[in-house]
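Derivation of every value follows stated rules applied to the coordinates shown; laboratory data play no part. Bear in mind the structure is a predicted one, so any value in this text is a computation, not a measurement. Don't worry about glycine lacking a Cβ; one is built from the backbone with ideal geometry, like all the others, and counts go over all protein chains shown.
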Amino acid sequence: MVPTHYHLILSAILFTIGAMGVLFRRNTIIIFMSVELMLNAVNLSFVALARQWGSMDGQLIVFFVIAVAAAEAAVGLAIILMVFRNRETVNADELNFMRW
Amino acid sequence: MEHAHATVQTVSYLWAIIFSPLLGVLFNIFVAPGLGRKAVNFVSPVMILVAFLFSCKAVVELSGLPHGSALLDTLYPWITAGQFHVDLALRVDALSAVMILIVTGVGFLIHVYSVGYMAHDEDVARYFTYLNLFTASMLILVLGENLLLLFVGWEGVGLCSYLLIGFWYTDDEKASAGKKAFIVNRIGDAGFLLGMFLLFWTLVAKNVWTLSFSEIQAHASALATSPGIITTICLLLFVGAIGKSAQFPLYVWLPDAMAGPTPVSALIHAATMVTAGAYMVARLHFLYSMSPTALAVVAGIAAFTAVFAATIALVQTDIKKVLAYSTVSQLGYMFLGIGVGAYAAGIFHLMTHAFFKALLFLGAGSVIHGMSDEQDIRKMGGLLKKMPITGWTFLVGCLAIAGIPGLSGYFSKDLILEEAYAGPHGSSLLYWTGVVGAGMTAFYIFRLFFITFLGENRADHQVAHHIHESSLSMTVPLITLAVLSALGAYFPLLQWLEPVFGELKEGGIPLFIKWLPTVAGVVGVVVAYSMYGVNPKAAESLNEAPTGLRKVLWNKWYVDEIYDAAIVQPFVAMANWFWKFFDTEVIDGIVNGAAYLMEDWAKGIRHWQTGNVQNYAMSFLIGAMAILGLGYYLW
C-alpha cells in the first residue's frame with residue numbers, strides 16, 4: 001500500500017502549484033482553475049488521512065468540498081462573464097478599480 | 001425684665017402660615033388656567049389673608065405667654081447625620097412675630113392692589129404664582145427655626161425677585177435687570193454660605209452640633225474665646241445681608257429691579273425681601289454683639305450707604321428710581337440702628353419703612369397706572385387734583401419718610417439717630433452722617449411730591465386726557481397703608497421686642513441732638529418747596545442737561561460704569577479669551593489635531609490598498625504562513 005506521506009507530499013505539491021497559479025497568473029479563468037487545484041489538493045489530504053485513521057469523516061468532508069466548489073464555479077464563472085462584458089478584459093491586474 | 005418663666009409652647013398650626021400661600025401657587029399653576037382671571041384675583045389675595053389670620057392667631061397666643069416665650073412647630077426631622085441634626089421647624093418669637101405680620105399684612109394689601117394694577121395684563125396667573133411663591137418663601141425665611149431653613153427662604157425670595165423683575169421678559173432690558181439682581185445677589189449669598197460654614201465649623205470644634213438659632217444663642221458664650229472667628233463669621237454673613245438688603249457696594253441691582261411691576265417693587269424691593277438682611281443680622285444679634293469690629297463695619301457701611309444713595313435720589317427724574325434709591329438709603333438707616341447695637345431700633349424702622357415705602361411705591365404705581373405707564377416725573381405735575389386719593393395718601397408717606405413729628409418715620413428714624421449718637425457703639429460721626437441723610441431724604445421725597453402732584457400738568461394731550469383716579473382695589477390699600485404710615489409707630493414695638501434684644505438704653509441726649517434730625521427734615525422740605533413748590537415752572541428746568549455735581553449725581557456717581565469697566569468688561573474679556581482662544585484654539589486644536597494626524601498617517605498607508613486581488617492574496621498567504629510558522633515554532 002502506498003504510504004500516507006506520499007499522498008501528503010503530492011497534496012502539498014499540488015497545493016503549492018495552485019497557490020502560485022492564484023498569485024501569479026493574470027487571467028482570472030486560470031486563477032479560478034488554480035483555486036480548483038488547491039481545493040482538490042486539500043481533498044487528497046482528507047481522503048489520505050481518512051484512510052490512515054480508518055475514519056469516514058475526511059471522506060465526508062470531501063463531498064462537501066466538491067459540492068461547494070461546484071456552486072462556487074457556477075457563481076465565479078458568471079461573475080467573470082459579467083466582468084468581461086463590462087470591462088472587455090479578464091486580467092486580474094487590470095481589474096483593480098476597487099481601490100482608493 | 002423677668003425671663004425666668006419664659007417657655008417654648010409647642011403648637012401645630014404655624015405650617016399653615018406657609019402652606020396657604022403655597023396652596024395659592026398650586027392653584028394658580030394647575031387650576032386657574034381653566035377658571036380665568038376672576039378666580040385668580042379672588043384666590044391669590046385670600047390665601048395671603050388666611051396666612052395673615054393664622055399669623056394673628058400666633059401673635060395673640062404669643063402675647064398671652066410670659067415675656068421671652070416662643071411658639072414652636074416642628075414638622076419633621078430634616079437632616080440627621082451623626083450628632084448633627086436639623087429639624088424642619090418653625091418658630092415664632094417676638095421678632096418673627098413682627099416680621100410675619102408685616103409680610104402677610106402688607107403682603108395682603110399689595111396682593112389686593114395688584115388685582116387692580118395688573119387688570120390689563122394677560123399673564124395675571126403667572127404674576128400671582130410668583131407673588132404667592134414669594135410670600136411663602138419670605139415666611140419660611142422669617143419663621144425658620146434654624147439658619148439653614150432661613151437660607152432656604154433666602155434663596156426662595158431671591159428666585160421670586162428674579163422672576164418678578166423679569167416678569168415682562170420680552171423686553172430685553174427688563175430681562176437683564178432680573179439677571180443683574182440674581183447675579184449680584186449670588187455674590188452676597190456666597191458670603192452668607194461661607195459665614196454659615198464657618199459658624200458650623202466653629203461650633204462643631206466646641207462639640208456643638210446645631211444650626212438652630214436658640215441653641216446657637218445658648219452656646220454663644222462658648223464661641224467668645226475666639227473673637228477673630230466671630231468677627232469673620234459676622235462679616236461673611238453681613239456680605240450676604242449687603243447683597244440682599246442692597247447696601248454699598250452691592251446695591252446696584254435694586255435700582256434696576258424697578259423694571260418689575262410696581263406692586264412687586266413695593267412688596268419685594270421695599271417692604272419685605274430687602275429687609276431680610278436686616279432681619280438676619282438682628283436674628284443673630286447675639287453673635288454681632290460679641291464683635292464690636294463687625295458692628296462698626298455694619299454701622300460704617302450703613303451710614304455711608306444712607307447718604308450715598310440719598311445723594312443719587314436728589315436728582316433722579318424717574319419716579320420709581322427716586323424711591324429705589326430712597327429704599328437703599330432707608331435700608332442704610334436700619335443697618336445703622338443695628339450696627340450701633342440698637343437692634344430694636346433697626347427693626348422698628350424696618351416696620352415703619354415697610355408701611356410708608358410700600359405706600360409710596362403703591363402711590364407711584366397708581367400714578368404710573370393713571371399716566372398710561374409714564375414714569376418720568378418731568379411729564380407729570382398737577383396730579384393732586386386729578387388723583388386726590390393717590391395724592392393725599394402719597395403726601396402722608398412723604399411726611400412719614402421725611403421724619404415730620406407725629407408720623408411713624410419720625411419715631412423710628414429719630415430713635416436710630418439718638419442711638420447712633422449715644423448708643424453703646426455709636427459715634428458722633430455716624431450721627432452727623434445720619435442727620436445729613438435725613439435732610440436729603442426730606443428734600444428728595446418732597447421734590448418728588450411737588451413735581452409730580454403740584455403745578456401744571458406737563459403730559460401730552462393723549463395721556464392727560466386719560467388720567468384717572470385708580471380703582472377701589474388700589475385706593476383701599478393706599479388708604480390703609482396711609483393710616484399705618486401715620487400711626488404705625490404707636491404700636492408698643494420696642495417693649496414687645498425687649499425679650500429678644502434686651503432693653504434699649506435711653507436718656508442722656510442733649511435736646512439739640514434730639515431735635516436736629518427733625519430740623520434737618522423740615523429744612524429739607526422747605527428747600528424742596530422753595531425750589532420746586534413755589535415756582536410752578538421750576539420742574540421744566542429738569543429738562544436741561546445736568547452739569548457739574550448734578551451731572552455726577554444724575555449718572556449715579558458712575559458706579560455702574562466703574563463696575564462695568566473694573567469687573568464686567570475684564571470678566572467678559574476673560575470669557576472671550578477662554579472662548580475664542582482657549583476653547584477654539586487649544587481644545588479644538590487638540591481634537592482636530594488628533595484627526596489631522598490620523599489623516600496624514602492614513603494618506604501614507606492607503607497606497608497599500610491597490611485594488612489588485614492578487615496582492616491581497618499574497619499578503620493573506622504570507623500571513624497564514626507566518627501564523628503557521630509561529631505555531632510550529634512555539635510547539
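Points to keep in mind about this one:
- Fewest neighbouring Cβ atoms within 10 Å first, the residues A:9, B:140 line up as A:9, B:140.
- Full-stretch length increase - residue B:609, residue B:376 - with 0.36 nm per residue and alpha-carbon distance subtracted: 76.0 nm
- In this simple spin-label model, placing a label point 7 Å from the Cα along the Cα-to-Cβ direction at both residue B:172 and residue B:209 gives a separation of 5.5 nm.
- On full extension, the segment bounded by residue B:186 and residue B:577 gains 138.4 nm, given 0.36 nm per residue less the C-alpha separation.
- Per-residue shielding of A:23-35, expressed as the average number of other chain Cβ atoms within 10 Å of the residue Cβ, stands at 1.
- Length-normalised contact order for chain B - Cα pairs under 8 Å, 6+ apart - percent: 12 percent
- Residue-count net charge about residue A:65 - beta-carbon cut-off 15 Å; Lys, Arg +1, Asp, Glu -1: -3
- Averaging 1/r over each pair of different alpha-carbon atoms in the protein assembly as shown and inverting the result gives 31.1 Å, the Kirkwood hydrodynamic radius.
- Cβ-placed point charges (K, R +1; D, E -1), dipole of region B:324-411 about Cα centre in debye, nearest 20: 180 debye
- Rotationally averaged projected area of region B:280-326 (alpha carbon convex hull; nm²): 3.7 nm²
- Cut-off 15 Å between beta-carbons: net charge of the residues surrounding residue A:44, Lys and Arg +1, Asp and Glu -1: 0
- Label-to-label distance for residue B:552 and residue B:472 is 5.3 nm, based on points extended 7 Å past Cα in the beta-carbon direction.
- Pairs over the 23 Å Cα-Cα cut-off, from the set B:179/B:413; B:179/B:556; B:385/B:413; B:244/B:580: B:179/B:413; B:385/B:413; B:244/B:580.
- Protection proxy ranking, highest mean first, for peptides A:50-58, B:181-189, B:159-167: B:159-167, B:181-189, A:50-58, where packing is the per-residue count of other beta-carbon atoms within 10 Å, averaged.
- Net charge, residue B:239 excluded, C-beta distance under 13 Å - Lys, Arg +1, Asp, Glu -1: +1
- Amide H contacts under 5 Å for residue B:69, placed H, 5+ residues apart: B:7
- Each of B:322, B:572, A:35 has some number of other Cβ atoms within 10 Å of its Cβ, and from fewest to most they run B:572, A:35, B:322.
- Cross-link pairs B:57/B:505; B:514/B:551; B:357/B:379 - those with Cα-Cα distance over 27 Å: B:57/B:505; B:514/B:551
- The protein assembly as shown: calculated mean residue ellipticity at 222 nm from DSSP helix runs of at least 4, using -39500 (n - 2.57): -23000 deg cm²/dmol
- Relative to its Kirkwood radius, the Cα radius of gyration of chain B gives an Rg/Rh of 1.14.
- 0 to 90° range, to nearest 10: angle between helix B:511-528 axis and chain B longest Cα axis: 80 degrees
- A protection proxy built from the mean count of other Cβ atoms within 10 Å ranks the segments A:85-97, B:409-421, most packed first, as B:409-421, A:85-97.
- Legend: ranking of residues A:32, B:620, B:192 from fewest to most surrounding C-beta atoms inside 10 Å; resulting order B:620, A:32, B:192.
- Spin-label proximity, residue B:584 to region B:551-570 - amide N less than 20 Å from point 7 Å beyond Cα toward beta carbon: B:569-570
- Helix axis angle, B:292-313 relative to chain B longest principal axis, alpha carbon, degrees: 80 degrees
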